[in-house]
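Q: Below you'll find the structure I mean.
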Amino acid sequence: MTAGIAASAVLGGFAALLLSFIWVAAWSGFTLSVLWGWFVVPMFGLPALSVAQAYGIALVVRAAKGLDTRTEKSPDSFGAALGKACVLAPIACGLLLLLGWVAKAWA
């Protein structure tokens, strides 16, 4: 019985991890596609981006920047660091959308 509970907990943790990655990816792609549509399309006449295309561009930029090479160790465990990333990324995207909306309304 205990092995079944442990397997269920691992499977649930994996499902939560997968869903959080999908959530962060979708939210960041949505943010970039909206900001692109607000600012880049009117200024440069480039085509609008879908959420998937915007997320793909974000991945290319992240890959071009390279992996984070900080040598300092974080005091957080892997789970805590992942939890922060999954919470802070959507908040940062929401803040960027808010600031972009203000800039668009102001222009």
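The values are calculated or read from the model by the stated rules, or taken from the named source; none is laboratory data. This structure is a prediction, so every number in the text was calculated from the model and none was measured. Don't worry about glycine lacking a Cβ; one is built from the backbone with ideal geometry, like all the others, and counts go over all protein chains shown. We work out accessible area using only protein heavy atoms, side chains counted, and drop any ligands, DNA or RNA first. Shrake-Rupley method; radii C 1.70, N 1.55, O 1.52, S 1.80 Å.
Q: Among the residues of segment 33-53, count how many are more than 15 Å from Cys93 (Cα to Cα) and either in contact with a strand residue (DSSP E or B) (Cβ under 7 Å, 6 or more places away or on another chain) or among the polar types (S, T, N, Q) (or both).
A: 2
Q: Ok, one more. Determine the pairs where a residue that is free of Cβ contacts under 8 Å to residues at least 60 places away in the same chain, located within segment 44-59, has a partner that is open to solvent by 80 Å² or more (accessible area, probe 1.4 Å) and assigned to a helix (DSSP H, G or I) with Cβ atoms under 7 Å apart, the partner being 6 or more residues away or on another chain.
A: Val51/Phe30
Q: Restricting the first residue to segment 12-26 and requiring it to be modelled with pLDDT of 80 or more, which pairs with a second residue that is surrounded by 10 or more Cβ atoms within 10 Å (Cβ to Cβ) and among the aromatic types (Phe, Trp, Tyr) meet a Cβ separation below 9 Å and a spacing of at least six or different chains?
A: Filtered contacts from segment 12-26: Ala25/Tyr55; Ala26/Tyr55.
Q: Please report, ordered by residue number, the helices (runs of 4 or more DSSP H) entirely within segment 1-68 with at least 1 residues that are within 18 Å of the chain's Cα centre (by Cα) and surrounded by fewer than 16 Cβ atoms within 10 Å (Cβ to Cβ).
A: Those helices (runs of 4 or more DSSP H) span 2-35, 51-65.
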